[in-house]
Amino acid sequence: GSIVYLGMMVGAFFWGGLADKVGRRQSLLICMSVNGFFAFLSSFVQGYGFFLFCRLFSGFGIGGAVPTVFSYFSEVLAREKRGEHLSWLCMFWMIGGIYASAMAWAIIPHYGWSFSMGSAYQFHSWRVFVIVCALPCVSSVVALTFMPESPRFLLEVGKHDEAWMILKQIHDTNMRARGQPEKVFTVNRIKTPKQIDELIEIESDTGTWYRRCFVRIRTELYGIWLTFMRCFNYPVKDNTIKLTAVWFTLSFGYYGLSVWFPDVIKHLQSDEYASRVKHFRNEEVSHFVFNFTLENQIHSNGEYINDRFIMMKFKSVTFEDSLFKNCVFEDITSLNTYFRNCTFVNTTFYNTDLEQYKFVDSELINCTFFHIRTGCQISFDDDYSAYWIYFVNFLGTLAVLPGNIVSALLMDRIGRLTMLGGSMVLSGISCFFLWFGTSESMMIGMLCLYNGLTISAWNSLDVITVELYPTDRR
């Protein structure tokens, strides 16, 4: 889960700097395309390492979208409406979270959607969910192709004619909405910003093509680095340091809880589950057919001779110090099931998901394995508690709706700093009470309260950040 954030960190640095060089829209188009491509690719890859690689580069694209979209939107907004409309923009973060949670809830339980191509390629329902989560990104790329560049950025780089055309389009649209279509777009005064340095041009006959590409890439990266370092120069140095502290603390609190909370719910459920475990000792079973579900059991020092385990589900079952002789395991699905210090003699495994790691310190003598299922086989029939991951995330995301509305309506009235400070204090106090949570419902309630209080801080911080920097460093 954290590798996406690693990609976002690098991506924000790279795409943010590039957006100050090539433009907000162009940077958004590229980084969203990168995100969409690797999100789709991660749905199909086999192997944990390659999957993490794809998620890393998907995060690399996401990292550019987050800061660039706020700069892009703020630069076509009037100052008196900026706080309100950026808060409405933040609401779509909530809508995206609800969409992701709802899709997970609707798609992943459909275990029947899975298919395999031999034992090498497995495609399960969670992969469909990954594809569906990439669709909004693709639609955003399509929509961005019809959007104009930021006129403020165009003025910054000296493209005045293009900027005038976009500003005229905005003006005419606003006047028609106000019932004044006859009002003419005029400019009384223009403040020409200092031009940013242009990238060096490399003549086509200078060196080889790869040399020109190397110099071009090096120049681009150096320009991005210079832009970044200018955020630590006077007069914005103090703002950068203070904003860094606020961004770190908010992210640490919010994303820290998001990553940690499903484990808390799972821990509370496992404690309750473990209290109901059944113990079976010294069993001697022979010539018996097991064709029912075994759940939350521990079997110790048993002997199973000439038994058949057919079309069964094992959920949280452990066999310890047991002997299996002349047995057959066929069409077996297991979850949290292990054989510890067991002995298997002349036993056949056919179409099971009993991989080697489930035999802990066990001895297999003359055993045969056919059609072993590998990969992520989890289904909601097997693990209902997994529902909580999506249900809790759904509730936590929905809880930010009141805070979004409040911040949108009050941002321009009470001020950005007042809302930021008040929201951080209140959310910090609510986070403290998580210490006293002893049940699932209490913990979920406190999480929803924390999310609802902290969203106003996020919205305020987004507005403050874009307003405290000039266009060429935003």
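For the reader, a short list of remarks on this structure follows.
- Against the test of being open to solvent by 30 Å² or more (accessible area, probe 1.4 Å) and at pLDDT 90 or above, the options Leu426, Leu468, Leu461 yield a single qualifying residue, Leu426.
- Segment 232-245, residues that are open to solvent by 30 Å² or more (accessible area, probe 1.4 Å) and part of a helix (DSSP H, G or I): Phe232, Lys237, Asp238, Asn239, Ile241, Lys242, Thr244, Ala245
- In summary, Asn351 fulfils each of the numbered conditions (1) at pLDDT below 85; (2) open to solvent by 30 Å² or more (accessible area, probe 1.4 Å); (3) in contact with a Lys or Arg (Cβ under 9 Å, 6 or more places away or on another chain) with the single exception of condition (1).
- Here Phe339 qualifies as modelled with pLDDT of 95 or more and either under 19 Å from Asn282 (Cα atoms) or surrounded by 19 or more Cβ atoms within 10 Å (Cβ to Cβ) (or both).
- When each of Arg178, Arg152 is tested for being over 20 Å from Ser74 (Cβ atoms) and not aliphatic (A, V, I, L, M), the lone residue that passes is Arg178.
- Residues of segment 429-457 that turn out to be of a type in the set (Val, Ile, Thr) and modelled with pLDDT of 85 or more, as a count: 3
- Test for Leu250: is it farther than 30 Å from Leu434 by Cβ, at pLDDT 80 or above and within 33 Å of the chain's Cα centre (by Cα): no
- Residue check for Val285: surrounded by 11 or more Cβ atoms within 10 Å (Cβ to Cβ), aliphatic (A, V, I, L, M), assigned by the TED database to the domain that holds Gly422 and out of contact with any Lys or Arg (no Cβ under 6 Å at 6 or more places or on another chain): no
- Within the option set His371, His279, being open to solvent by 50 Å² or more (accessible area, probe 1.4 Å) and within 30 Å of Glu440 (Cβ to Cβ) holds for one residue only, His279.
- All of Phe129, Phe153 fail the test of being more than 25 Å from Thr374 (Cβ to Cβ), assigned by the TED database to the domain that holds Phe73 and modelled with pLDDT of 80 or more, apart from Phe153.
- Taking (1) open to solvent by less than 50 Å² (accessible area, probe 1.4 Å); (2) over 22 Å from Glu149 (Cα atoms) in turn, Tyr48 satisfies each apart from (1).
- Taking the criterion of being open to solvent by 50 Å² or more (accessible area, probe 1.4 Å) and either within 22 Å of the chain's Cα centre (by Cα) or among the small types (Gly, Ala, Ser) (or both), the residues of segment 137-167 that qualify are Val138, Ser139, Val142, Ala143.
The values are calculated or read from the model by the stated rules, or taken from the named source; none is laboratory data. All of these numbers come straight from a predicted model, not from anything done at the bench. Cβ atoms come from the backbone with ideal geometry, glycine included; neighbour counts cover every protein chain shown. To get the accessible areas, we keep the full protein, side chains included, count just its heavy atoms, and leave off ligands, DNA and RNA. Shrake-Rupley method; radii C 1.70, N 1.55, O 1.52, S 1.80 Å.
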